[in-house]
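The values are calculated or read from the model by the stated rules, or taken from the named source; none is laboratory data. Just so we're clear, the structure is a prediction, and the values are computed from it rather than from any experiment. Please note: Cβ atoms are built from the backbone with ideal geometry, for glycine as well, and neighbour counts cover all protein chains shown.
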Amino acid sequence: MSVERLTSRREFLKQGAAAGVAGTAFLSTDACTPSSEEGATASSGDVFRTLGRTGIRLPVVSMGTCYGITLVRAALDEGIVYLHTSSSYAERKHERLLGEATRDLPRDSFVIATSPELRYRYPKEGGRSLDLETSSDPATIVKSLEESLQRLGLEYVDMYYLASVGSREVTLHEPYLRAYERLKEDGKTRFVGIATHSNEPEVIRAAAESSFWDVVLTAYNFRQSHREQIGAAIDDAATAGLGIVAMKTQAGVYWDSNRLRKINMKAALKWVLQNENVHTTIPAFANFEEMREDMSIMKNLALTTQEKRDLHLGDELGLSGLYCQQCGSCLGQCPAGVDVPTLMRSRMYALGHQDVGKARQTLQCRNGTDMACKHCETCSVRCSLGLDVRSGALELARLLEVSDELLA
Ligand code: SF4
Ligand code: SF4
């Protein structure tokens, strides 16, 4: 029986258990031909795509992060298959929660991915804004996955990403590649992936050329000024057989820092999926309402005329939004040496995704909290997307202070 004939995980598990083959259709890798062919379930109508040479068939919407066991359970029950996390999320709490949420499910009825937390490079003037050091001990990668598996309560993950990669050099860094190869050979991960939200076209092309990586996870959305270049790199990588997963799909969630104007979430997600070489997306829905909204697009990916208009709302209203595309063009502009890309990414997490913990962690894992802006009268930084860096920094500082008071 094909999983695509079933309307929900509950029904699938019930029928699969009766047949003694629960879940196997999700993870079949029999059809390992590179493909982005689109198909819909016969009964639910949800659109599925094949994750490149992994052969895994996935609905076009997956789950980007774990905000609670009940939400994960509901998402799985509604048809989500792929759960994304990282050992860096919420100080490893998300992995533990995912372990709880999936504990009594057949292992082959869901797909799960995580990544290790490695040292970052600090940004350089006019250079990349987010990348990994190449000096981390590759043994850290192996140890990190073993610890992730313990927290998840699993024997293997389906994808293990090298995350926050911003250069060809790191994509092809041999000691890291050897560590990932070993994990695959040892059966700790079925596939290996590279994740990027800076300098994406270079990273995606390097991954495609490498013949090593199976999957690319990339930032991709309608706000990026280099979206066409990313789209072209995605096409080349998919042609080379890689699976493509998109993140940061909803571009910071709000057009304004007061959160009065929300981006049309469905339109933003559909925009990403107009590229048929994007096989699935991992929006970070934080509650049931957002989950249902994101999942509602799975039946029909066509953008309506109004949705197309909504994607230009910021331009019409003169709002630059909260999304920082990590382009690095602001690097070196601040006389006080503030790491503006990290500051603006942190602000996006705090205000857009309302994830203050992730915002704080983002700041702390770089060079401090960068609040020189509090004592600065005029900002000399010009952002490629028009973000007002000084007011953004002050909003973030206020939010972190309020959160500190609440925690005290
Ligand atoms: S407000 Fe001042 S300290 Fe902050 S980024 Fe702008 S120039 Fe630098
Ligand atoms: S703050 Fe603006 S210029 Fe700087 S990395 Fe972000 S989007 Fe680019």
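Brief remarks follow.
- Taken over region 312-334, the residue count meeting the criterion of being farther than 17 Å from Asn264 by Cβ and in contact (Cβ under 8 Å) with a residue 24 or more places away in the chain is 11.
- For the criterion of being within 16 Å of ligand 2 (Cβ to nearest atom), farther than 30 Å from Thr239 by Cα and outside any loop (DSSP other than H, G, I, E, B), Arg309 fails.
- Within region 237-267, the only residue that satisfies the criterion of being of a type in the set (A, V, I, L, M, F, W, C), surrounded by fewer than 20 Cβ atoms within 10 Å (Cβ to Cβ) and closer than 24 Å to Gly193 by Cα is Ala240.
- Candidate set from region 312-326 (those that are more than 15 Å from Arg227 (Cβ to Cβ) and in a helix (DSSP H, G or I)); member that is nearest to the chain's Cα centre (by Cα): Leu313
- Qualifying residue in region 273-289 (condition: away from ligand 2 (no atom under 16 Å from the Cβ), at pLDDT 95 or above, assigned to a helix (DSSP H, G or I) and buried (at least 22 other Cβ atoms within 10 Å of the Cβ)): yes
- Residue match in region 290-306 (condition: outside the structural domain of Glu395 (by TED's automatic domain parsing), within 23 Å of the chain's Cα centre (by Cα) and under 30 Å from Leu394 (Cα atoms)): yes
- Which listed residue, of Ser346, Ser329, is part of a loop (DSSP other than H, G, I, E, B), among the polar types (S, T, N, Q) and within 15 Å of ligand 2 (Cβ to nearest atom): Ser329
- Residues of region 233-252 that are out of contact with any Leu (no Cβ under 7 Å at 6 or more places or on another chain) and closer than 30 Å to Leu317 by Cα: Ala246, Lys248, Ala251.
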